[in-house]
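The values are calculated or read from the model by the stated rules, or taken from the named source; none is laboratory data. Quick caveat: nothing in here was measured; it's all calculated off a predicted structure. Quick reminder, even Gly has a Cβ in these numbers, built from the backbone with ideal geometry, and neighbours come from all protein chains shown. Accessible surface areas use protein heavy atoms only, side chains included; no ligands, DNA or RNA. Shrake-Rupley method; radii C 1.70, N 1.55, O 1.52, S 1.80 Å.
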Amino acid sequence: MRKANKFLIFAAMTIALSGCYSLRKKFVRKKKSKEPRPVYVDFKEYPGENPEELYDNYYLFAAAWMDEIVNGLGTSYNYKRQRHAFNEVMHNLDRINGILTEEGRMKLKPIYDELAGLNKKVSPNMTDIDKSFILRRVEIIRLRFSRNFKHSKASQWIRKN
């Protein structure tokens, strides 16, 4: 017992005499430096997008979303998914519209307007008759779009930078 007491006294004295500077240093906040770090900015000039490549991309996106609408109406997808597909088609047609000349815009306008009208008819409470009507109209629009706006025919309407 006496040995244990001597050991405890020795341990207490060692801790007391060694100090707690390192322990205290862990918990004291360091002063923040006033100088902001230097920022390195490297500006690069990227070449502009080629309008023909952009047209090809937007054409493919619009055609794919029209296919999604046809598949969705045929297999009764969720209303939100149908609405999203219509919105994406409209968005890509807007982008195509920005690339085309005035003559091309006039050719695209009937397709755009008809899709916008069908977009308003999509609702969560559509009957099967409404779905089949919209499905047939979208299939016709998709065929007209692919026939009249493929790259070989629409290249004459694409604006040059």
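General observations
- Cα gyration tensor, the range 14-161 - rounded (a/c under 1.5), prolate or oblate: oblate
- In nm, spacing of pseudo-spin labels at MET90 and PHE43 (7 Å Cα→C-beta vector): 3.8 nm
- Using a cutoff of 8 angstrom between alpha carbon atoms and counting only pairs six or more residues apart, the relative contact order for the range 1-127 works out to 21 percent.
- Inter-label distance for MET106 and ALA12, nm, one decimal - labels placed 7 Å from Cα along Cα-to-Cβ: 10.3 nm
- Trypsin sites (Lys or Arg not before Pro), loop per DSSP, at most 10 other Cβ atoms within 10 Å - longest free stretch of the chain: 45-159
- Computed with every protein chain present, the accessible area of THR75 is close to 90 Å² [probe 1.4 Å].
- The longest part of the chain holding none of the exposed loop GluC sites (Glu not before Pro), meaning those outside H, G, I, E and B in DSSP with at most 16 other Cβ atoms within 10 Å, is 50-161.
- Förster radius 25 Å - calculated FRET efficiency between ASN71 and PHE133 (Cβ-Cβ, nearest 0.05): 0.90
- Cα gyration tensor shape for the range 89-139, rounded if a/c is under 1.5, else prolate or oblate: prolate
- C-alpha center-to-center spacing [the range 60-94, the range 116-133] in angstrom: 13 Å
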